[in-house]
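**Q** Got a structure for you, written out below as structure tokens; questions coming shortly.
Every number here is computed from the coordinates shown, using simple stated rules; none is lab data. Just so we're clear, the structure is a prediction, and the values are computed from it rather than from any experiment. Here the Cβ is made from the backbone with ideal geometry for all residues, glycine too, and neighbour counts use every protein chain on show.
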Amino acid sequence: VMTAAEYGEKSWELSVQVDQKDGDESMKFKLRVKGDLHVGGLMLKLVEKIKAPQDWSDHALWWEQRKCWLLKTHWTLDKFGIQADADLRYTPQHKPLLLQLPNMKTIKMTVSFSSVVFKAVAEICQMLNIRRSEELSLLKPPDDPSKKKKKKDKNSAEEDIWDVDLFGGGPGGTEQGPMHSKTMTATYDPENGMPVSATSLWFGENPLAESQPNLPPAELAKMYRPLSPVDKAPYSAGWLDSSRSLMEQDIQDEEKLLLRFKYNVFFDLNPKYDGVRITQLYEQARWSILLEQIDCTEEEMLMFASLQYHICKLTLSSEPLDHSNEPEIDEVEAALSNLEVTLEGGLADRILEDITDIPELADTLRLFRPKRLTLRSYKEYWFVFKDTTISYYKNKETSSGEPLEQFHLRGCEVVPDVNVTEKKFGIKLLLPVADGMNEVYIRCDNQTQYAKWKAACILASKGKTMAYSSYKSEVRNIQSFLQMKSLAPPPGQAAPDLNAMEMNAECFFSPRYAKKHKTKQLTARILEAHQNIARLSLMEAKMRFIQAWQSLPEFGINYYIVRFKGSKKDEILGISYNRLIRIDMSSGMPITTWRFANMKQWNVNWEIRQVTIEFDQNVSMAFCCVSCDCKVVHEFIGGYIFLSTRSKDQNETLDEELFHKLTGGQE
């Protein structure tokens, strides 16, 4: 037994600051401890010393200098390396956070600051009733220099925050809150398939499943900033690290973060269970179109505008949300399987026909190869599409001989060059060559021909032939997309009455587009286009919008400024759900494309912060990130690989360990 004097020699004084809940003053305590005291024992000593009767179960120790939680309560102070100079805080693990949802509405919610972000996002999505939380993450908005002047507006903006914790379901420090329940899963009402979990308990009807009304044009114009890929890079840099906690990433109480769909592969979208998920996805798509964060043609802008008008109209109509008239699940399932963008090599693509019997396409099409200083003139040739290769001949008669030229489409970029109203159905192919991409334009005569050839090009770019089952659904998707763009009213329909529209047409277009046309013109064009889609249900219209957004050439690309190994200048790296694209900074043109399907391995040298990727056929590349930490890019690549391993029979349980293995830093 040690004497008090001996204890005094071996022990030392440790100071701990205790954070109270609800903004009470924090208190500081000094405790006499020894290095072999475990953290659990330290917390016990502390609570005895505080003498305040309250539930401390959510509190844990945070080590300020090292920026880490001391969650392993059986570890001793010596094992953690804690000495007398350590600055410890005894603080709640769950803290309030402001979250801006994809629909631009801000909610206040109590969130775990001690779990890794991957887990915290899963908890948030569970509270909001969004399935497949692995597709979402938290984004720190870039600093806005204009915000510093606008201190006065702070209070007016504050009023519009929904405090989720006030609606009964929140974790107001009680153990019963759904945030603390590890087993809570959304349960569904057998009658109408609507979720009956925390969210519908708070609100009755879940407001997150309803789309927001469009903003007046003047307010939209304030938010609008034209962005080049270089301007988009700071936005993409803000994704938080999924394998560290909010606290470790310097996020403060009540800081504002954006909850967004990060990975653009939306698995198993199901109207029966995904009311909130589909609406929030629609909202993210809608804002990216309105703020021109993604490029689209005037014709596409008009199609998106008419769908928004239709959705607004149905949302505002006084009928309650009746889900019983939604198509039965099997029809929906069939429709959704077309929508699913699985990563290459995903399970959705099985070979139907016998591999020896690969379908071919052969037809007269027109070709144009841009050369400097030449006018664009298309010439007719006889084209044959076989396997993943297009060959063209002078005419059909010579097609048994040698072709004039062959295009190998594996790894190419397929860009639509279409205007349905002007009957222009073109496909622009960017073909990979040693030093970049070659441009080739092919022009089809009509929609049917275009849909078949474009679908074949898309599959061939992924190294697949028309024998794959996804070829037919790809053709159907392209056809339905063209149909929505068509402005001709269905036969026998009268011209629309311009006074029938009770909303300002300008609020459905991006500000730049709205400026080009008079409001009357926009109204007439929306009403004309609307006739094609007027019979869609609310859910179908949102799904169509998401589908059309996914069909845009720039869909799902995140831009980063990088320096490739051996290069003397910065370039842009685009990361999409199925490929990496090297883009020239000044022209914005793709130089090379690498597909994830051909990737053998990738690794990060954390010391020099360089990412190296190896592909099939001894192709490799390496780069350092300029506009963000290389962990952000590393996590994107690993995250997409992880998502490609999901299958429907997994019962929604996620292999979190595999996610961290593929995305975690080796630091």
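**Q** Give, rounded to the nearest 20 debye, the magnitude of the charge dipole that region 361-468 has about its Cα centre when Lys and Arg contribute +1 at Cβ and Asp and Glu contribute -1 at Cβ.
**A** Values: 18 positive and 12 negative charges, 41 e Å.
So the magnitude is around 200 debye.
**Q** Which pairs, out of K256/K516; K462/K661; K428/K518, put more than 28 Å between their alpha-carbon atoms? Intermediate results must be reported in sequence, preceding the final value.
**A** Working: K256/K516 35 Å; K462/K661 26 Å; K428/K518 32 Å.
Check vs 28 Å cut-off fails for K256/K516; K428/K518.
**Q** State the Cα centre-to-centre distance between region 534-584 and region 243-299 in whole Å.
**A** 14 Å
**Q** Let me ask something additional. Can you give the FRET efficiency for Q65 and L658, using 1/(1 + (r/R0)^6), R0 = 45 Å, r = Cβ-Cβ distance, to the nearest 0.05? Walk me through the numbers before you get to the answer.
**A** Working: r = 33 Å, r/R0 = 0.73.
Efficiency at R0 = 45 Å is approximately 0.85.
**Q** Using a 10 Å cut-off on Cβ atoms, rank the peptides 300-309, 257-266, 613-622 from the highest mean neighbour count down.
**A** Details: 300-309: 24.4, 257-266: 20.4, 613-622: 14.0.
Answer by packing, highest mean first, reads 300-309, 257-266, 613-622.
**Q** I'd like the Karplus ³J(HN,Hα) series for region 55-71: coefficients 6.51, -1.76, 1.60, θ = phi - 60°, whole numbers in Hz, and an x wherever there's a Gly or Pro.
**A** With the stated coefficients, region 55-71 comes to 7, 9, 5, 8, 7, 8, 8, 10, 9, 4, 4, 8, 6, 8, 7, 9, 8 Hz.
**Q** Among 12-18, 235-241, how do they line up from the highest to the lowest mean number of other beta-carbon atoms within 10 Å? Please list the in-between numbers first.
**A** Details: 12-18: 16.9, 235-241: 21.3.
With the highest mean Cβ count within 10 Å placed first, the list reads 235-241, 12-18.
**Q** Where both partners of a DSSP beta bridge lie in region 4-92, what percent of those bridges are antiparallel, to the nearest 5? Intermediate results must be reported in sequence, preceding the final value.
**A** Numbers: 15 of 18 bridges.
Bridges in region 4-92 that DSSP calls antiparallel: roughly 85 percent.
**Q** Which whole-Hz couplings ³J(HN,Hα) result when phi for each residue of region 95-100 is put into the Karplus expression 6.51 cos²θ - 1.76 cosθ + 1.60, θ = phi - 60°, listed in order with x for Gly and Pro?
**A** 9, x, 9, 9, 10, 8
**Q** For A534 and S647, what does the FRET efficiency come to when R0 = 51 Å and r is the distance between their Cβ atoms, rounded to the nearest 0.05? All intermediate terms of the calculation are to be shown ahead of the outcome.
**A** On the way: r = 38 Å, r/R0 = 0.74.
Here the calculated transfer efficiency is 0.85.
**Q** Ranked from highest to lowest mean number of other Cβ atoms within 10 Å per residue, what is the order of the peptides 531-538, 109-116, 605-612, 570-577? All intermediate terms of the calculation are to be shown ahead of the outcome.
**A** Working: 531-538: 17.0, 109-116: 22.1, 605-612: 13.4, 570-577: 20.6.
Taking the mean over residues of other Cβ atoms within 10 Å, the ranking is 109-116, 570-577, 531-538, 605-612.
**Q** Follow-up. Modelling each spin label as a point 7 Å along the Cα-to-Cβ direction, I'd like the K49/E13 distance in nm, to one decimal.
**A** Result: 1.0 nm between the two label points.
**Q** Hand me the tally of lysine pairs in region 4-92: alpha carbons under 17 angstrom apart, and the pair either on different chains or 8 or more positions apart.
**A** Qualifying lysine pairs in region 4-92: 15.
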